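Note sheet for the following structure.
The values are calculated or read from the model by the stated rules, or taken from the named source; none is laboratory data. Keep in mind that this is a model prediction, so the values were computed, not measured. Positions of Cβ are generated from backbone atoms using ideal geometry, with glycine treated the same way; all protein chains shown enter the neighbour counts.
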Amino acid sequence: MTTTRFAPSPTGHIHVGNLRAALFNFLIAKKAGGTFILRFDDTDTERSKQEYMDGIQRDLEWLGISWDRIEQQSKRLDRYEEAKEQLRADGKLYEVFETPTELDLKRKKQLNMGKPPVYDRAGLALSDADKEKLRAEGREGYWRFKLDQNRIEWKDGILGDISIDAASVSDPVLIRTDGTVLYTFASSVDDSDMGVTDIVRGSDHVTNTATQIQIIEALGGKVPNFAHHSLLTGPQGEELSKRLGSLAIKDLREAGVAPEALVSMMSRLGSSQPVELLSLDEIADSFDLSHFGASPTKFDAEDLWPLTRHQNQSLPFDAVKDRIKALGVPDDQAERFWRVASQNITRLDDLGQWWDIFSNGAEPDIAEEDRDFIAEAMTLLPPPPYTDATWGEWTAAVKEATGRKGKGLFMPLRKAVTGQAHGPDMSDVMPLIQVVKARG
């Protein structure tokens, strides 16, 4: 059974970078008919908040990403303690006492000697008496995992064959001085216990993966299939990480981006397949990690708007009728309003602007040289209600009275009635017009 997971830390809102991991893991499980776990990495009790957990679930639901079960690491602390004792008993976990300052000095000394800044395993040489003496001095111990210093190899689902010399990596800290378990440890225990078979995450986790493979093996678990997707950059290749806060899923939703647009883009960005508007079922059917490359992937939020426009303009009336009713559009005009306005929106919120024009009248846009022309034309426009024939009858009457024709006739009249230089066919618009402010 294929089992995947998305393990966000509920210390903030998820952003487009997080979304790729969530989406890829979801699609793998969906395609295989497997299990997708939403697992909150909430062991940081000070920064983890329920409001962020709720927000992450809301964002995923909005995108159409569903999960089979929810797990919280904060509810598994007893299990992590068991795993800690198992690793200690097996000689795979050892206590150390260096302060950050001491570690920094060691790293600088190693670099000055031309050596890699890898932890020197001084903690392994400490006797029980040494440890008691350090504690008596006010030192607090924390715990490192003892790596087997051989090569760690795996076939990555995106990057291909990976080989990392464990001797070039510091033994990872798994448990802090206050007993807090760190991501590397909790995640390894969870992945092992929960039978996770496939993990996709960012390429910045490659070194983590190397150490987690050994931790999972030490716990007696089966190592999942790992794949590391490329990191996002800005449209010019600039670093995106500092801007991710402004690209939160919550903010994109509130800006009016269609969820289908965001999912379609993120499922194809960085792959050999073209970005096109697809349903989640269609995306899952064609999803294949082999289509993705290792090179940094350019992302421009502006590219979401053409997809959003296409998605929204293709919606059937039934999908928007409640929104249209909420605007105050009468039931007998609702379908006409959608037909007329739909092809002139990008965001669904744009419908409100069109209904305001139709129901309350637009601020007329009249060029100085057209003022007399519009004043005369308005004397020929009867009061509403209007019909499908009104525009043709009115423009014919204005043409006969003023001699104007073509663009010089139609554009000033459109701008006087709607305040817009472009928009729906005026023959369709006029039956929806309830007020024309240019009439005076």
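Determine which single condition SER74 fails, assuming it passes every other condition in (1) small (Gly, Ala, Ser); (2) touching a strand residue (DSSP E or B) at 6+ places or on another chain (Cβ under 8 Å); (3) loosely packed, with under 13 Cβ neighbours inside 10 Å.
(3) is the only condition that SER74 fails.
Could you list, in sequence order, the residues of region 291-306 that are in contact with a strand residue (DSSP E or B) (Cβ under 6 Å, 6 or more places away or on another chain), surrounded by fewer than 18 Cβ atoms within 10 Å (Cβ to Cβ) and at pLDDT 95 or above?
Hit for region 291-306 is HIS291, nothing else.
For region 110-131: of the residues being within 42 Å of the chain's Cα centre (by Cα) and among the basic types (Lys, Arg), which is surrounded by the fewest Cβ atoms within 10 Å (Cβ to Cβ)?
LYS115
Looking for whichever is part of a loop (DSSP other than H, G, I, E, B) and either out of contact with any strand residue (DSSP E or B) (no Cβ under 6 Å at 6 or more places or on another chain) or in contact (Cβ under 8 Å) with a residue 60 or more places away in the chain (or both) here; the options are GLN110, GLN149. Which one fits?
Result: GLN149 is the single residue among GLN110, GLN149 that is part of a loop (DSSP other than H, G, I, E, B) and either out of contact with any strand residue (DSSP E or B) (no Cβ under 6 Å at 6 or more places or on another chain) or in contact (Cβ under 8 Å) with a residue 60 or more places away in the chain (or both).
From LEU134, LEU105, LEU38, LEU60, which residue is surrounded by 11 or more Cβ atoms within 10 Å (Cβ to Cβ), touching a helix residue (DSSP H, G or I) at 6+ places or on another chain (Cβ under 8 Å), among the hydrophobic types (A, V, I, L, M, F, W, C) and not in a strand (DSSP E or B)?
On inspection, the qualifying residue turns out to be LEU60.
Mind counting the residues in region 161-177 that are touching a residue at least 12 places away in the same chain (Cβ under 8 Å), in a strand (DSSP E or B) and under 21 Å from ASN225 (Cβ atoms)?
3
Within the group ASP322, ASP288, which residue is closer than 19 Å to LYS30 by Cβ, surrounded by fewer than 16 Cβ atoms within 10 Å (Cβ to Cβ) and at pLDDT 95 or above?
Checking each option against the conditions leaves just ASP288.
Would you pick out the residues in region 201-226 that are more than 19 Å from the chain's Cα centre (by Cα) and either among the β-branched types (Val, Ile, Thr) or in a strand (DSSP E or B) (or both)?
Passing the criteria: VAL206, THR207, THR209, THR211, ILE213, ILE215, ILE216, VAL223, ASN225, PHE226.
If I filter region 14-24 for residues that are part of a loop (DSSP other than H, G, I, E, B) and either within 19 Å of PHE185 (Cα to Cα) or modelled with pLDDT of 95 or more (or both), do I get at least one hit?
Scanning region 14-24 turns up no residue that is part of a loop (DSSP other than H, G, I, E, B) and either within 19 Å of PHE185 (Cα to Cα) or modelled with pLDDT of 95 or more (or both).
Given the conditions (1) part of a helix (DSSP H, G or I); (2) over 13 Å from PRO431 (Cβ atoms); (3) out of contact with any helix residue (DSSP H, G or I) (no Cβ under 6 Å at 6 or more places or on another chain), and given that MET378 satisfies all but one, which numbered condition is not satisfied?
The one condition MET378 does not meet is (3).
Closer than 30 Å to LEU134 by Cα, without any contact (Cβ under 8 Å) to a residue 12 or more places away in the chain and not in a loop (DSSP other than H, G, I, E, B): is that true of GLN86 in this structure?
Criteria not met by GLN86.
Could you check, for region 357-368, whether at least one of its residues is within 22 Å of GLY256 (Cβ to Cβ) and aliphatic (A, V, I, L, M)?
Looking for residues that are within 22 Å of GLY256 (Cβ to Cβ) and aliphatic (A, V, I, L, M), one finds at least one in region 357-368, hence yes.
Residues of region 286-331 being under 19 Å from the mean Cα position of the chain (by Cα), within 23 Å of GLU254 (Cα to Cα) and hydroxyl-bearing (Ser, Thr, Tyr), which ones?
Listed by number, the list holds a single entry, THR308.
Among the listed residues THR197, THR207, which satisfies the condition of being in contact with a strand residue (DSSP E or B) (Cβ under 9 Å, 6 or more places away or on another chain), modelled with pLDDT under 95 and farther than 16 Å from ALA83 by Cα?
THR207 is the lone residue from the list that is in contact with a strand residue (DSSP E or B) (Cβ under 9 Å, 6 or more places away or on another chain), modelled with pLDDT under 95 and farther than 16 Å from ALA83 by Cα.
When you go through ARG309, ARG336 one by one, which is the residue that is out of contact with any strand residue (DSSP E or B) (no Cβ under 8 Å at 6 or more places or on another chain) and either closer than 15 Å to SER264 by Cβ or of a type in the set (Phe, Trp, Tyr) (or both)?
Of the residues listed, the single one that is out of contact with any strand residue (DSSP E or B) (no Cβ under 8 Å at 6 or more places or on another chain) and either closer than 15 Å to SER264 by Cβ or of a type in the set (Phe, Trp, Tyr) (or both) is ARG309.
The conditions are (1) in contact with a helix residue (DSSP H, G or I) (Cβ under 6 Å, 6 or more places away or on another chain); (2) modelled with pLDDT of 95 or more, and GLU82 fails exactly one of them. Which is it?
All conditions pass for GLU82, except number (1).
If you check ALA362 against the conditions, is it in a loop (DSSP other than H, G, I, E, B), buried (at least 17 other Cβ atoms within 10 Å of the Cβ) and of a type in the set (A, V, I, L, M, F, W, C)?
Yes: the conditions hold for ALA362.
Out of region 1-18, which residues are closer than 22 Å to MET265 by Cα and buried (at least 21 other Cβ atoms within 10 Å of the Cβ)?
The answer is THR4, ARG5, PHE6, ALA7, PRO8, ILE14, HIS15, VAL16, ASN18.
Condition check: basic (Lys, Arg) and surrounded by fewer than 17 Cβ atoms within 10 Å (Cβ to Cβ). Does LYS146 satisfy that?
no
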